[in-house]
């Protein structure tokens, strides 16, 4: 697929995906969501890529939300059909490799939902978060009502969704919505440093670790522990595990190959 609204660049083992609609504050229209799905399908098949970073172009917004103009005149069944198709948010959460959101400026509505579907969120000081759909007579439709309570708790999620209020990066960090807040001028360097550190790990272990942690939100404790045990044992079927053990014994850096 030829990308019009995305820029995909590969920096060694890290792929950087940029939503490139700065004149629209990187709002997610149908085309952009389709491109995100296509890009992540391609990156999943690329064994050279171990971690993906997603960001928005410019310094005003990560993603300011959905492109509201596309909602005008929509009927319920029409919108239901759109929402039941493959969604970029879910594809990101289900993506087998780690995904890091590099958040600058506004992360509102669909932008906040996309960030929540990522595995780690790094925010620049001054970034703003919120689910303002209620102010349009809507509710979040990209996972906001489900992922936000899991991150910040039901009470705070209810407050943010029912009021549509924005919060700043520091409050988002305090609540657990983002992992850390950094000065704007350090955002890219700090995010890439983290991405590169993760990319040095075994791709097999990264995939299984992500699967296990994601399952924690969906399973009761005992089934979750059983899944963890199964995935832990599965690691021993990989060459990477033997390489990691031998490197530890020899006191050298492991050379993980993803096998």
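The values are calculated or read from the model by the stated rules, or taken from the named source; none is laboratory data. Worth saying up front: this structure is predicted, and the values here are computed from it rather than measured. Cβ sites come from the backbone with ideal geometry, for glycine too, and all protein chains shown count toward neighbours.
Would you call residue 136 more than 17 Å from residue 26 (Cα to Cα) and either in contact (Cβ under 8 Å) with a residue 12 or more places away in the chain or surrounded by fewer than 24 Cβ atoms within 10 Å (Cβ to Cβ) (or both)?
In short, yes.
Filter the range 113-124 down to residues that are over 10 Å from the mean Cα position of the chain (by Cα) and either surrounded by 24 or more Cβ atoms within 10 Å (Cβ to Cβ) or not assigned by TED's automatic domain parsing to the domain that holds residue 169 (or both) and give me whichever is nearest to residue 190 (Cα to Cα).
122
With respect to residue 141, determine if the residue is closer than 29 Å to residue 211 by Cα, in contact with a helix residue (DSSP H, G or I) (Cβ under 7 Å, 6 or more places away or on another chain) and modelled with pLDDT under 95.
Spelling it out, residue 141 is indeed closer than 29 Å to residue 211 by Cα, in contact with a helix residue (DSSP H, G or I) (Cβ under 7 Å, 6 or more places away or on another chain) and modelled with pLDDT under 95.
Taking residue 145 as meeting all but one of (1) part of a helix (DSSP H, G or I); (2) crowded, with 17+ Cβ neighbours inside 10 Å, write down the number of the exception.
Failing condition for residue 145: (2).
Looking for something assigned to a loop (DSSP other than H, G, I, E, B) and either under 30 Å from residue 105 (Cα atoms) or outside the structural domain of residue 116 (by TED's automatic domain parsing) (or both) - is there at least one such residue anywhere in the range 226-237? If you could, list the steps in order and put the result at the bottom.
Residues of the range 226-237 assigned to a loop (DSSP other than H, G, I, E, B): 236-237.
When the remaining residues are screened for being either under 30 Å from residue 105 (Cα atoms) or outside the structural domain of residue 116 (by TED's automatic domain parsing) (or both), the result is 236-237.
Within the range 226-237, one or more residues are assigned to a loop (DSSP other than H, G, I, E, B) and either under 30 Å from residue 105 (Cα atoms) or outside the structural domain of residue 116 (by TED's automatic domain parsing) (or both).
Considering only the range 192-210, I want to know if a residue exists there that is surrounded by 13 or more Cβ atoms within 10 Å (Cβ to Cβ), without any contact (Cβ under 8 Å) to a residue 24 or more places away in the chain and not assigned by TED's automatic domain parsing to the domain that holds residue 128.
Yes, there is a match, as at least one residue in the range 192-210 is surrounded by 13 or more Cβ atoms within 10 Å (Cβ to Cβ), without any contact (Cβ under 8 Å) to a residue 24 or more places away in the chain and not assigned by TED's automatic domain parsing to the domain that holds residue 128.
If you go through the range 59-77 one residue at a time, how many are surrounded by fewer than 17 Cβ atoms within 10 Å (Cβ to Cβ) and either modelled with pLDDT of 95 or more or part of a loop (DSSP other than H, G, I, E, B) (or both)?
Of the residues in that region, 6 qualify.
Within the range 1-35, can you find the residues that are part of a helix (DSSP H, G or I) and touching a strand residue (DSSP E or B) at 6+ places or on another chain (Cβ under 7 Å)? Don't jump to the end; show me each part of the working.
Filtering the range 1-35 for residues part of a helix (DSSP H, G or I) gives 22-24, 30-35.
Matches in the range 1-35: 32, 35.
I'd like the full set of residues that are under 18 Å from residue 60 (Cβ atoms) and free of Cβ contacts under 8 Å to residues at least 24 places away in the same chain, limited to the range 150-185.
185
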